1. Once you sort the root eigenvalues of the Cα gyration tensor of the range 67-185 as a ≥ b ≥ c, which label holds: rounded (a/c under 1.5), prolate (a/b larger than b/c) or oblate (the other case)?
2. Count charges around Ile182 for me, please; just the other residues with Cβ under 13 Å from its Cβ, Lys/Arg as +1, Asp/Glu as -1.
3. Roughly what % antiparallel, to the nearest 5, for the DSSP beta bridges in the range 105-172?
4. Mind checking the per residue accessible area of the range 38-185 for me, 1.4 Å probe, whole number of Å²?
5. Could you tell me the calculated FRET efficiency between Glu44 and Asn97, based on Cβ-Cβ distance and R0 = 35 angstrom, to the nearest 0.05?
6. Using each residue's phi in the range 92-98, evaluate 6.51 cos²θ - 1.76 cosθ + 1.60 at θ = phi - 60° and report the 3J(HN,Hα) Karplus result to the nearest Hz, with x for Gly and Pro.
7. Calculate, in nm to one decimal, what Gln153 and Thr137 gain on full extension: separation in residues at 0.36 nm each, minus their alpha carbon distance.
8. Please say if the range 54-96 is rounded, prolate or oblate, where rounded means a/c under 1.5 for a ≥ b ≥ c the square roots of the C-alpha gyration tensor eigenvalues, and otherwise the choice is prolate for a/b larger than b/c and oblate otherwise?
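The values are calculated or read from the model by the stated rules, or taken from the named source; none is laboratory data. Quick caveat: nothing in here was measured; it's all calculated off a predicted structure. Positions of Cβ are backbone-derived with ideal geometry, glycine not excepted, and every protein chain shown enters the neighbour counts. Note: areas computed on protein heavy atoms with side chains; ligands, DNA, RNA excluded. Shrake-Rupley method; radii C 1.70, N 1.55, O 1.52, S 1.80 Å.
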Amino acid sequence: MPRLRVLAVVVVGLMVVAGCSSQTPDADNEILSSHNLVGMEATEIIEHLDRLDVQDRPAGLMASVRVDELQLSTGTEELSLDLPEDRFYLSFAPYMNQTHECYYHSLTTCLGELSNEDVQVTVTNEVGDVVVDEELTTFDNGFVGLWLPRDLQGTLRVSAEGGTGQVPVSTGTDDPTCLTTIQLT
């Protein structure tokens with residue numbers, strides 16, 4: 001079961017009270033319970049939130065995918081859930097005309113240009129072996145999420161009606177979980 005860290009912060013005047021740590025998910029955790037995420041592993045929470053229609057995304061919840069953890073925050077409470085050591089979640093938003101800069105994917109606020117569009121996705125490693133070759137549909141937020149092997153060096157190629165784009169991709173400890181540089185031309 002993934003490690004869970006809870007940090008509750010209460011500000012009273014100038015005094016800050018912080019603390020509390022746990023190794024297992026807590027069913028009574030306010031963030032999980034108030035957003036119907038109780039019983040889900042970090043990977044399931046990521047997939048659930050990324051696939052939600054934009055209008056159904058939970059207000060007041062920030063969810064950031066980091067290389068090794070999922071960070072959830074409501075402003076008064078923070079929760080970090082460990083991600084699998086052998087997998088890397090890469091969320092990417094192909095675009096035609098407009099994009100935004102991003103490094104760590106926000107499951108509740110990132111928006112891409114091409115929502116609900118069919119795309120052909122191919123990921124190859126540094127020696128040209130195919131890691132992913134699938135026809136997918138961008139989520140309502142304009143992103144596609146892939147679980148890739150850690151420490152991959154390769155190429156991401158995306159094709160859709162109207163164009164194709166290709167960018168280098170890597171899944172190491174210092175790499176972004178959000179990729180918004182794939183222009184389809």
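1. Taking the square roots of the gyration eigenvalues as a ≥ b ≥ c, the range 67-185 is oblate.
2. Cβ neighbours under 13 Å give a net charge of -1.
3. Roughly 100 percent of the beta bridges in the range 105-172 run antiparallel, per DSSP.
4. Result: 48 Å² per residue.
5. Efficiency for this residue pair is about 0.55.
6. For the range 92-98, the Karplus-derived couplings read 9, 10, x, 8, 9, 10, 9 Hz, x marking Gly and Pro.
7. Once the chain is fully extended between Gln153 and Thr137, it gains 3.4 nm.
8. Taking the square roots of the gyration eigenvalues as a ≥ b ≥ c, the range 54-96 is oblate.
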